[in-house]
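The values are calculated or read from the model by the stated rules, or taken from the named source; none is laboratory data. Quick caveat, the model's predicted, so the values are computed rather than measured. In this analysis, Cβ positions are derived from the backbone assuming ideal geometry, glycine residues included, and neighbour counts consider all displayed protein chains. Protein only, heavy atoms only, side chains kept; ligands, DNA and RNA dropped before computing areas. Shrake-Rupley method; radii C 1.70, N 1.55, O 1.52, S 1.80 Å.
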Amino acid sequence: MAKKVAFMQGNEAAAHGALYAGCKFFGGYPITPSTEVAEVMSAELPKLGGKFIQMEDEIGAMAAIIGASLTGAKVLTSTSGPGLSLKQENIGYACITEVPCVIINVMRGGPSTGMPTGPSQSDVMCAKWGTHGDHPAITLVPASVQELFEETVRAFNLAEKYRTPVMVMPDEIVAHMRERIVFPEPGELEVIDRTKPTVAPEQYKPYDTQFGDVPPLAAFGSEYRFHVTGLNKMADGFPTTKAAVVQAEEERQVRKVEANVDDIVKFEEYMMDDAEVVVVAFGSTSRSARFAVNEARKQGIKAGLFRLITFWPFPEKQLLAISKKVKAFITPEMNLGMCTGVVKGCVEGNAPVHGIFRVDGEPINPTQILDMIKEVK
Amino acid sequence: MAFDYDKYLRPGKLPHIWCPGCGHGIVMKGLIRAIDACGLEKNNTAIVSGIGCASRLPGYMDFCTLHTAHGRAAAFATGVKMAKPEMNVILVGGDGDGTAIGGNHFIHACRRNIDMTYLIMNNNIYGMTGGQFSPCTPTGAKASTTPYGNPDPAFDIAKLAIGAGATFVARGTAYHATQIDKLIAEAIQHKGFSVVEILDDCPTTYGRRNKFKSVIEMMNRLKEIAVPVKAAEKMSPEQLEGKILTGVLYKAEKPEYTGEYAKVIERAKGAK
Ligand SMILES: Cc1ncc(C[n+]2csc(CCOP(=O)(O)OP(=O)(O)O)c2C)c(N)n1
Ligand code: SF4
């Protein structure tokens, strides 16, 4: 049978990716340029018996999806800049209570209302450091409509597998552009469900580390009863201030991601075998970068592209290894140096890192990147 | 035979954090008796709270319990109820939690008329953080952040709930302990969003600043100001000055939210 092919917008593809992954609950609040995700979910979820709710604000939307996830449902919310700021309180709640959920944040200019319809990549730090306290962060940065679909499926898988919030962060260009998409058949992409407890109900503890760093999560309304709190907690879910327990639990929550970077980190290497100048880019900027690398190669310059697909956790060891073999890095991004700073930290001074920054609501074009490649080669 | 509260309490989680003389414990006992009277199943009942002394209640109760963020109980609970409408969902919290930081979620839960019961313990103060004024602190009262007397007017929670669309609104007091369970039970049985405000006391942070000599004096005040709605009908406005009505203040039948969403699902499936 021929595969289903469509010409589709990024945000719509993200919504369909969520449905493919088995999402059954969406809670949101409208905001440009992410609203189409909510619109598609409002139309499609009830057809599948799922639930869509438009909440009174983003704080409430984030709260509602956590509540729904605790009943066993796969859950999604979508937002942009100001909405991401509001969600942070409850993103932290989902981190410490270890409740799987997916947040699609379409990056627009900021801070504050900023440029509601302008593209940006300036939320990548907010994705990791937006909520207070130590916590794990997983953030995916797709660059095409097809990839936005697939990475949304992967986001659900990672959320369920590691019991943690996962963010998918297309920039406005990726979210709003229309491209050909080939829909995977059911079963073609892996779909992961959270591990359910098998112990007797009276023995169940929601943070029981005898089952590893990611303990099974029961559902409200099943035969398991348990307590969930945003306070630092013990294995049984009840609050504690015991120093050793708090320390161990905090470390475990971060370790869930840190010990599994190889499973979570995804990237693409393009023309990297002999590259001397490496462009590190993500999202729509990586599309300009690929064009620039192709042009540079035509001119005999050994340029390559290291494209981030996972932003957090960052591909630290890969970039460190590359830094020992190359002349320079170029980091184009639609912000004032967020990724650049992280790359500098990874490469430990082995090679210079040249940023190209734009926050004027315009995409970074290939010529800008090509000019920089020629300058630093 | 004495009522068996232990049946509904989590073994090993007492003593509770509440101060001697705090009204919250009286309310918890009322809630337990109401749950018992309604025959709610533990596995099928979620108790959801925000942050505050009152919001610590779920931790002691042997149900599916969710202690959320300050003010957010109604929003979390809405997610639970929407995803699993067959569950009984009860929200509990303080006046500050529900009407200040949580005010927006509160009025929207009322507006949706989603089938949940919200139990607000109104002690007129932010107890947990040491007695700052809340939106329910009387004008002129002393709080740690109103050393010269509170300039703010107070909310009438019941009027707020009715205005926002709740379809069952009742009020009781911690003094009238035996009435609490009846009000909560009726609220639980009501189809739609039901609000039960229980006036209670915080001797530690409110009483001592506002010249109450003892918990007994605070309880006596609740006794004196409370007037059952039926009795109030026969009283003049002058007689009702400074009084607070108790009992079931409002009851209406309106479409319930999860039921309405079930119709959305039907329409969507037909539209396929
Ligand atoms: C976002 C946020 N802001 C402030 C606080 C601090 N805080 C904790 S409890 C509380 C007030 C609780 O008062 P109330 O809800 O009336 O309950 P009570 O303690 O009186 O029972 C405040 C302000 C918090 N936990 N979270
Ligand atoms: S501080 Fe007030 S509200 Fe909190 S437990 Fe003590 S008496 Fe109760």
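Among the residues of segment B:106-148, how many are within 14 Å of chain A (Cβ to nearest Cβ) and either under 14 Å from the mean Cα position of the chain (by Cα) or within 13 Å of ligand 2 (Cβ to nearest atom) (or both)? Residues that pass the stated criteria total 6. The strands (runs of 3 or more DSSP E) found wholly in segment A:298-377 and carrying at least 3 residues that are in contact (Cβ under 8 Å) with a residue 12 or more places away in the chain and not β-branched (V, I, T) occupy A:303-308, A:328-333, A:353-357.
The number of residues in segment B:75-96 that are open to solvent by less than 10 Å² (accessible area, probe 1.4 Å) and within 16 Å of ligand 2 (Cβ to nearest atom) comes to 4. Restricted to strands (runs of 3 or more DSSP E) entirely inside segment A:150-237, those with at least 2 residues that are over 21 Å from B:T45 (Cα atoms) and in contact with a Ser or Thr (Cβ under 6 Å, 6 or more places away or on another chain) are A:165-168. Taking segment B:100-210 as the region of interest, the helices (runs of 4 or more DSSP H) fully inside it that hold 1 or more residues being among the acidic types (D, E) are B:177-189. Selection within segment B:78-101: residues that are farther than 16 Å from B:N123 by Cα and within 14 Å of the chain's Cα centre (by Cα). The member of this set that is nearest to the other protein chains (Cβ to nearest Cβ) is B:V89.
Which of the residues belonging to segment A:25-55 are crowded, with 21+ Cβ neighbours inside 10 Å, in contact with a Lys or Arg (Cβ under 8 Å, 6 or more places away or on another chain) and under 25 Å from B:A109 (Cα atoms)? Within segment A:25-55, A:F25, A:F26, A:L45, A:P46, A:G50, A:K51 qualify.
When residues in segment B:161-201 are screened for being more than 16 Å from ligand 2 (Cβ to nearest atom) and open to solvent by 40 Å² or more (accessible area, probe 1.4 Å), 9 of them pass. Consider A:T241 carefully, then state whether it is β-branched (V, I, T) and within 14 Å of chain B (Cβ to nearest Cβ). For A:T241, the condition - β-branched (V, I, T) and within 14 Å of chain B (Cβ to nearest Cβ) - is met.
Which residues, counting only those in segment A:283-323, are out of contact with any helix residue (DSSP H, G or I) (no Cβ under 6 Å at 6 or more places or on another chain), open to solvent by 30 Å² or more (accessible area, probe 1.4 Å) and over 26 Å from A:V257 (Cα atoms)? Listed by number, the residues that qualify are A:R287, A:R290, A:N294, A:R297, A:K298, A:Q299, A:G300, A:K302. Return a yes/no flag: does segment B:79-90 have any residue that is at pLDDT 95 or above and either hydroxyl-bearing (S, T, Y) or within 13 Å of ligand 1 (Cβ to nearest atom) (or both). So far as segment B:79-90 goes, no, none of its residues is at pLDDT 95 or above and either hydroxyl-bearing (S, T, Y) or within 13 Å of ligand 1 (Cβ to nearest atom) (or both). Total residues in segment A:1-55 satisfying the condition of being touching a strand residue (DSSP E or B) at 6+ places or on another chain (Cβ under 7 Å) and of a type in the set (G, A, S): the figure is 10.
Residues that are in a loop (DSSP other than H, G, I, E, B) and surrounded by 24 or more Cβ atoms within 10 Å (Cβ to Cβ) within segment B:23-56 comprise B:G23, B:G50, B:I51, B:G52, B:C53, listed in sequence order.
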